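Below is one structure, written out as structure tokens, with a few remarks after it.
A short reminder: the numbers here are calculations on the coordinates, not readings from a lab. Keep in mind it's a predicted model, so treat the numbers as computed, not measured. Ideal geometry is used to build each Cβ from the backbone, glycine not excepted, and the neighbour counts take in all protein chains shown.
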Amino acid sequence: MTEEATAAVQATVAPTMLGADRIKELLLHRSDNLLLDEAEISGQTIKAWYRVTGEECWMQGHFPGNPIFMGVMMLEFAAQACGVLALELHPDQQGMLGMIARTDQTKWGQIVRPGDVLSVTAVFDKKKIGSYRFRQVVVRVNNATAGKPALACDYLYLGVANAKATKEE
């Protein structure tokens, strides 16, 4: 399907909102490692949000007195959103464990601090056996539409495997 055709289909499909409960049904992440507060899916596109509290355990030492959200956690936030989209589009894959396999042309452009709200958008591109590819992955701070994004990558690939972990509440 061409990008124009995909855009036309998306324009006619009402977005689906996913709250924290639905996200927990899809992802195995819990506690400080679950980085999605809510998400919206429209066709092949996801937009998701996360409020940085500064209370995340891994932020405590990064850096004392000047806390900064780790760049690698921005990438994890984007990957979790892509995982939710993959599982919503392909329900037969639920229970699978998605892991970042590769990114292309990844760049970080802004510092993220406690109190900031991250948003990510990503477009599902294609599925192959054992992996998913997403394009136009962009993380922004406080819904800014101008300036450098906090993170951008041309492509993000998720590898999938059978999950050995169990979901905990």
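What the table shows:
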item	result
Overall dimensions of the chain by Cα: Rg and Dmax, Å	15.6, 50
Links that overshoot a 23 Å alpha carbon limit, given the list K24/K107; K107/K128; K47/K126; K127/K148; K47/K148	K24/K107; K107/K128; K127/K148
Acute angle (nearest 10 degrees) that the helix 3-12 long axis makes with the longest principal axis of the chain, alpha-carbon atoms	80
Where labels lie 7 Å past Cα in the beta-carbon direction, separation of A101 and R30 in nm	2.8
Nearest-20 debye value, the range 3-162 charge dipole, Cβ charges on Lys, Arg, Asp, Glu	340
Segment Y155-M17, length gained on full extension (0.36 nm per residue, minus Cα span)	47.3 nm
Estimated FRET transfer efficiency (N162, V117; beta-carbon r; R0 41 Å; 0.05)	0.75
Order by protection proxy (mean Cβ within 10 Å, highest first), peptides 77-84, 34-41, 45-52	77-84, 45-52, 34-41
Stretchable slack from S42 to W58, in nm (0.36 nm times residue separation minus alpha-carbon distance)	2.6 nm
